[in-house]
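The values are calculated or read from the model by the stated rules, or taken from the named source; none is laboratory data. Every value quoted in this text rests on a predicted model; they were computed, and no experiment measured them. So basically every Cβ, Gly included, is an ideal-geometry build from the backbone, and we count neighbours across all protein chains shown. Protein only, heavy atoms only, side chains kept; ligands, DNA and RNA dropped before computing areas. Shrake-Rupley method; radii C 1.70, N 1.55, O 1.52, S 1.80 Å.
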Amino acid sequence: MKLVVCLDENNGIRFFGKRQSQDELQRKNLFELIGNSKIFLTEYSYDLYKEIEFNFEIIDENTEIIKNSVFLYEGDFLEKFLPSVDEIIVYFWNRDYPFDETFDEFVQDCWKEIEIFEFKGKSHEKITRKIFVKENKDE
């Protein structure tokens, strides 16, 4: 499963329970990257993506995880999905925003950065996409 998250330069993800920022071209880039893979997201996240036709499921505590799908993480249900995640796609806003929650999973030793891609967003001068894969230390 792929986990997608958007962060500021301090790995901040939310402030007072709300996303820090959003960018239309970041969303376009995500869909170019994942194609028609099923995306699990919350109703809160769906409100941002509803103008795009895509294969989605709004999650709750009873959601069944599907292999080869995508989980859009904006602060909820991480503990449910993280054990199934083998790839993390991080979009960095390349700005400092106020935050009271961070996401630091990808800095752990089990994750290896395999790709970095920078592009101009609609409301952000530069967005950096980094992809991390879980390393199997037993190989």
Requested in this report: Starting from the alpha-carbon convex hull of the range 8-69, give the projected area averaged over all orientations, in nm².
Outcome: 5.2
Report task. Can you pull the one-decimal nm distance between simple spin-label points at residue 50 and residue 122, each 7 Å off the Cα toward Cβ? Result -> 1.6
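Please give me, ordered by residue number, the trypsin sites (Lys or Arg not before Pro) of the range 45-84 that lie in loop per DSSP and have at most 13 other Cβ atoms within 10 Å.
Values: sites: 50, 67, 80; in loops: 50, 67.
Passing sites in the range 45-84 are 50, 67.
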Query raised in the report: Of all GluC sites (Glu not before Pro) in the range 1-59, which ones are in loop regions per DSSP and have a Cβ with at most 11 other Cβ atoms within 10 Å?
Result: 51, 53
**Report entry** Accessible surface of the range 1-133 [probe 1.4 Å, protein heavy atoms]: carbon and sulfur percent
**Finding:** 46
Report task. Starting from the Cα of residue 57, step 7 Å along the direction of its Cβ; do the same at residue 31; then give the gap between the two resulting points in nm. Result -> 2.1
Report summary line: Given unit charges at Cβ for Lys, Arg (+) and Asp, Glu (-), the dipole magnitude of the chain about its Cα centre in debye, nearest 20, is 460
Query - When each of 2/122; 38/80; 38/130; 50/112; 28/130 is checked by Cα-Cα distance, pairs over 22 Å - result: 2/122; 50/112
Report summary line: Which of (1) 9.0; (2) 7.7; (3) 8.4 gives mean projected area of the Cα convex hull in nm² as computed here? It is (3)
Report task. Rounded to the nearest 500, what is the 222 nm mean residue ellipticity of the chain from helices alone, with -39500 (n - 2.57) per DSSP H run of 4+ residues and division by all residues? Result -> -4000 deg cm²/dmol
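For residue 136 and residue 97, what does the FRET efficiency come to when R0 = 35 Å and r is the distance between their Cβ atoms, rounded to the nearest 0.05?
0.50
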Query raised in the report: Between the DSSP loop rule and a limit of at most 10 other Cβ atoms within 10 Å, which GluC sites (Glu not before Pro) in the range 88-135 are left?
Result: 125
